[in-house]
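**Student:** First, the structure itself, so that you have it in front of you.
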Amino acid sequence: MKHYRMILATLFVALIAFTGLTAQQNKSQSQPKTTEHLKFMGIPIDGSPKSFANQLKSKGFTFDSSSNPDIIWMKGTFAGISDSNVLIYKSPSSANVYKVRVVFPGQDSWTQIEIRYNRFKDWLSQKYLLTESKEEFQGYSPERDSSKMTKLILGDCSYWSVYGASTPDGTFLGSVSLDLMSISEENKGYVRIEYEDYLNGMNAKQGFLEDL
């Protein structure tokens, strides 16, 4: 009987060890193993912001002024829309670019803004996986375009969509988000698209956390 109990105990310990190893392997397999990066206009979101900006310059973008040393501001044509603003963000921990934001020229008509938003939502959905979306007004849903525009300017409008970008084998590369914003002083609305690389984004997050 004693020998039998020892065998059971040995088997039990082996089972626990095997379960732990399997869980560890599964966890390891779930982590990205790629060195690939999310791309913006065919350019990997990686390396120094200056190098990234120079590649955009070769595509016709020009430098604009910026008061933030961690952001490079450029202007150019993106997806057929001229005078688009492109902001290149530097990671505080690695000095690599980790995020790129596009802000299209402002519009003072809700109809025009909604058309542009829906057009890009459709285009992005054809390239990336739509993971979450929300389009609504807070309080009540206005019927007139002027009232919708007022809601947007007052910040009572939530229009956004989030997409995931992956390699063909399913490895996560980063996220792409589409949303609406406004500047009350200008009484205009803006459509924005933001590209955040996963690997450099995680490094940037770690740098931010170290500041807390």
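Derivation of every value follows stated rules applied to the coordinates shown; laboratory data play no part. Since this is a predicted model, take the numbers as computed values, not measurements. Note: ideal-geometry Cβ built from the backbone for every residue, glycine included; neighbour counts use all protein chains shown.
**Student:** Go through region 179-188 residue by residue and turn each phi into a ³J(HN,Hα) via Karplus (6.51, -1.76, 1.60, θ = phi - 60°); whole Hz please, and just put x for glycine and proline.
**Tutor:** Values, residue by residue: 7, 10, 9, 9, 10, 4, 5, 9, 6, 10 Hz.
**Student:** Can you tell me the relative contact order of region 39-211? Whole percent, Cα pairs under 8 Å, sequence separation 6 or more.
**Tutor:** 22
**Student:** By count of other Cβ within 10 Å, fewest leading, how are Ile81, Ile43, Ile88 ordered?
**Tutor:** Ile81, Ile43, Ile88
**Student:** So, one more: So what's the gap between the Cα centers of region 133-180 and region 35-72, to the nearest angstrom?
**Tutor:** Each part's Cα centre sits 25 Å from the other's.
**Student:** Considering amide H positions built from the backbone, and no H for Pro or chain starts, which residues 5 or more places from Asp64, or on another chain, come under 5 Å of its amide H?
**Tutor:** Counting only residues 5 or more places away or on other chains, the set is Trp73, Met74, Lys75.
**Student:** With θ set to phi - 60°, apply the Karplus curve 6.51 cos²θ - 1.76 cosθ + 1.60 along region 136-145 and write out the HN-Hα couplings as whole Hz, x wherever there is a Gly or Pro.
**Tutor:** 7, 10, 7, x, 8, 9, x, 9, 7, 4
**Student:** Just want to confirm a number: the relative contact order over region 151-207, from Cα pairs under 8 angstrom separated by 6+ residues, in percent.
**Tutor:** 30
**Student:** Starting from the Kirkwood radius over alpha-carbon pairs of region 40-190, derive D by Stokes-Einstein at 4 °C in a medium of 1.567 mPa s and give it in µm² s⁻¹.
**Tutor:** 77
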